[in-house]
Amino acid sequence: MSGTFVGMPAFPQAAREAVGNATLRGNLRHATHTIRDKRARAVAELDDWAALREAGKQIKDHTLRHLDRYLVQVEEAVTAAGGTVHWAADADEANEIVARLVQETGESEVVKVKSMATQEIGLNEALQARGIHAYETDLAELIVQLGKDRPSHILVPAIHRNRGEIRDIFRSEMSEWGRPAPEGLTDTPAELAEAARLHLREKFLRAKVGISGANFVVAETGTLVVVESEGNGRMCLTLPETLISVVGIEKIVPRWRDLEVFLQTLPRSSTAERMNPYTSMWTGTGDGRAGEGDGPRTFHLVLLDNGRTDTLADEVGRQALRCIRCSACLNVCPVYERAGGHAYGSVYPGPIGAILSPQLRGTGSEIDASLPYASSLCGACYEVCPVAIDIPEVLVHLRERVVQGGPAVQGGNRVVLKPAKGHAAERAAMRAAQWAFTHPGALRTGQRLASRTRRLHPRTLPGPGRAWSGTRDLPAVPAEPFRDWWQRTHGGKGGAK
Ligand code: SF4
């Protein structure tokens, strides 16, 4: 992954700062509760939701098992349809490819459809460094870009902003980027939407190059699919002469008919709609003869790895690659609701971010090593996930990896781990527990001693345990050990002696 967010503090520190922001907490609570309630109603309308969920899981797992074959099939199909396929091993390579393709057109401006993959690789910053201006056209992404901000939600990147803040951003920043905000702009949704529409329209009509991601790539035909709600995607995909799509290799589905499942589960899980307003599909440059038909005259597909094949190699962690970026897990997560998206230090916030970022980037940095702990393991994320990713299972698996991990090693632009050395304090505690449980007499004596001296016990643990007990109450030691109580009240029958 790109280093865009590297340097962020670990999750606990970033979350502590976010939790102190009452406006942010209010915005998040209102937005996530509204979306989650609507999603629950939309899902309840379908009698076969469980079957759809299982089908989505099976399709994704099958594709991931045979990804090598389907990737070649995609390349052949896209090429046959007049497109060009590029392979990018990491963020730097992907950015180089896209920048070169834009420079070859002679243009210095591009319009973008909302795309997590391009955010993941830090494409806008890479293009800017080469003198190319990338304009976000999704309303929420526009707010984030104008506000020199970072996205905090997969689906609603400006979820942390309220209407008044958006009005202020439009008033002060729009003129820097193009058409200014209308005089006397208020914070009513209709006026804000109209201001964005006027600002963006001149960019759509001027742009010669569009950049997108894709929700799905159909292997059998080489067709790319983008689902969206605002119509900005349709403009970016059809008006520019050149279209460049940057897509993670896990976005493939084998057949057209597989879309039947995901085009039902994705809109209901994300925006709580039965069907999203715009579904754009394109295959190469149309009929394979460049220059004819609608849409772009030139099409490039950049297939992005950037840590995905490493993730695929992990039998437990690979289920994260099923994700269809619906954001349902964010909206039900009690940790995300309070900490917000920025605390996760990645373009992938919330529960999916807590399992995806440490796998794509490695667990070597402070922020990535802390992400698997950014969860109460309540399981709400798994319940709502339309492709049944067992996020708690992956979180626990990654915690194990963090605990066993040694110091970080730079490998390319990724951070990987040395072989495990182990957590010395935890190992010592486990050895002591093992000895105590295999020596009942000593355990009994120790429990009685602990009860008698309980008023002298410290309220926090010393040494490395201080961080753990600093945010938790240590359990109070009872005045009488359970074994003694059982003996006194039940004569020790059927239990402890
Ligand atoms: S993990 Fe599941 S619920 Fe979360 S964004 Fe991905 S598909 Fe949606």
Q | Viscosity 0.890 mPa s, 25 °C: Kirkwood-radius Stokes-Einstein D of segment 125-279 over Cα pairs, µm²/s | A | 144 µm²/s
Q) At q = 0.10, 0.12, 0.20 Å⁻¹, what is the log10 ratio I(q)/I(0) for segment 1-133, with the Debye formula run over Cα points and no solvent? A) -0.65, -0.91, -1.14
Q. Residues with amide H under 5 Å of VAL246's amide H, sequence separation 5 or more or different chain, H placed in the peptide plane at 1.01 Å from N; which?
A. SER212, GLY213, VAL302
Q. Among the lysines in the chain, how many pairs, 8 or more places apart or on different chains, have alpha carbons under 21 Å apart?
A. 11
Q: Kindly state, to the nearest 0.05, the FRET efficiency for ALA51 paired with ALA428, given R0 = 41 Å and r defined as their beta-carbon distance.
A: 0.25
Q | Compactness index (Cα Rg / 2.2 N^0.38 Å), segment 11-308 | A | 1.03
Q) Residue by residue, what Karplus-based ³J(HN,Hα) values in Hz, rounded to whole numbers, does segment 236-242 have, using 6.51, -1.76 and 1.60 with θ = phi - 60° and x for Gly and Pro? A) 5, 7, 10, 7, x, 6, 10
**Q.** Mean Kyte hydropathy of -1.0 or more with a Cα span along the axis of at least 30 Å, helices from DSSP in the chain
**A.** 22-44
Q: Write down Rg/Rh for segment 66-144, rounded to two decimals, with Rg from the C-alpha atoms and Rh from the Kirkwood relation over Cα pairs.
A: 1.02
Q | Given charges at Cβ of Lys, Arg, Asp, Glu: the chain dipole, positive-most of ALA91, VAL226, TYR373 | A | TYR373
Q. Rounded to the nearest 500 deg cm²/dmol, what is the calculated helix-only ellipticity per residue at 222 nm for the chain, with -39500 (n - 2.57) per DSSP H run of length n ≥ 4?
A. -14500 deg cm²/dmol
Q.
For a bin width of 10 Å, list the pair-distance distribution of the chain built from all Cα-Cα distances, rounded to whole %.
A. 4, 17, 27, 24, 14, 7, 5, 3, 1, 0
Q: Calculate how many DSSP beta bridges within segment 218-324 are antiparallel, expressed in % of all such bridges and rounded to the nearest 5.
A: 45 percent
Q) Rounded to the nearest 0.05, what FRET efficiency is calculated for GLN103 and MET281 with R0 set to 35 Å and r the Cβ-Cβ distance? A) 0.75
Q.
For the chain, what does the relative contact order come out to in percent, with C-alpha contacts under 8 Å and a separation of six or more?
A. 19 percent
(Q) If you wrap a convex hull around the alpha carbons of segment 424-490, what volume per residue comes out, as a whole number of Å³? (A) 102 Å³
Q.
Let me check I've understood the local charge: for PRO189, count other residues with C-beta under 11 angstrom from its C-beta, Lys and Arg +1, Asp and Glu -1. What total comes out?
A. -1
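Only the coordinates and a few stated rules stand behind these numbers; no lab work does. In this text, all values refer to a predicted model and were calculated from it rather than measured experimentally. A quick note on method: Cβ atoms are made from the backbone with ideal geometry, for glycine too, and the neighbour counts reach across all protein chains shown.
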